[in-house]
Amino acid sequence: MKLFVTGPPGIGKTTLLARVADRLKAAGVRVGGFITLEVREVARRIGFDVLDLMTGARAPLARVGGDEPRVGRYALKKEGLLLARKALTSALKEADVILLDEIGPMELKDEPLAAAIETALESKKPLVASVHAKSAHPLAAAARKTAIWLNEENRDALVNELSKKVLEVVRGSAKEDL
């Protein structure tokens, strides 16, 4: 089972996945993978961090400026890319479900991380992922074909819907209350 969500920047894709992760963990499901969190200085976004959902480890994924490989105005950070790869590798071995935020330009710019994302997409493990709305990368384009479009009207209901679908697969029953 692979479930994908997409939508415009700022609509709540990361928040949705974080809430799904919290619900699943509360139900005793081993959740692996990563989410990307905005890093702000005052009211200005200066980058993103990666958060490993199994360990709680956090590392910079991208920051404004710098000499590393770039995506738009952001320079990718090796420690964040490494943590994201490690989170996916661990999730493939140890988790009941993989959450991935996001299948997008930053994550797919790094070939080893793109390969880890592809491995996660091809695995038999249940996966819930957010997908960049405009990325032309083949992995993002393919995932977007079946993605649910996230908007203000459906984002709260989707937390419960996605959580129940995952529990149905992981435990064989959607009857449990979240």
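The values are calculated or read from the model by the stated rules, or taken from the named source; none is laboratory data. Worth saying up front: this structure is predicted, and the values here are computed from it rather than measured. Backbone-built Cβ (ideal geometry, glycine too); neighbour counts: all protein chains shown.
Tabulated results
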quantity: Residue within the stretch 14-35 that is over 21 Å from Leu127 (Cα atoms) and of a type in the set (Asp, Glu) present; calculated: no
quantity: Complete set of residues in the stretch 76-91 that are out of contact with any strand residue (DSSP E or B) (no Cβ under 6 Å at 6 or more places or on another chain) and more than 16 Å from Ala120 (Cα to Cα); calculated: Lys78
quantity: Of residues in the stretch 41-63 being at pLDDT below 95 and outside any loop (DSSP other than H, G, I, E, B), the one farthest from Gly12 (Cα to Cα); calculated: Glu41
quantity: Selection count where residues are touching a residue at least 12 places away in the same chain (Cβ under 8 Å), surrounded by 14 or more Cβ atoms within 10 Å (Cβ to Cβ) and over 17 Å from the mean Cα position of the chain (by Cα), scope the stretch 56-75; calculated: 6
quantity: Number of positions in the stretch 86-141 that are surrounded by 24 or more Cβ atoms within 10 Å (Cβ to Cβ) and of a type in the set (S, T, N, Q); calculated: 1
quantity: Residue within the stretch 163-176 that is within 17 Å of the chain's Cα centre (by Cα), closer than 29 Å to Val64 by Cβ and assigned to a helix (DSSP H, G or I) present; calculated: no
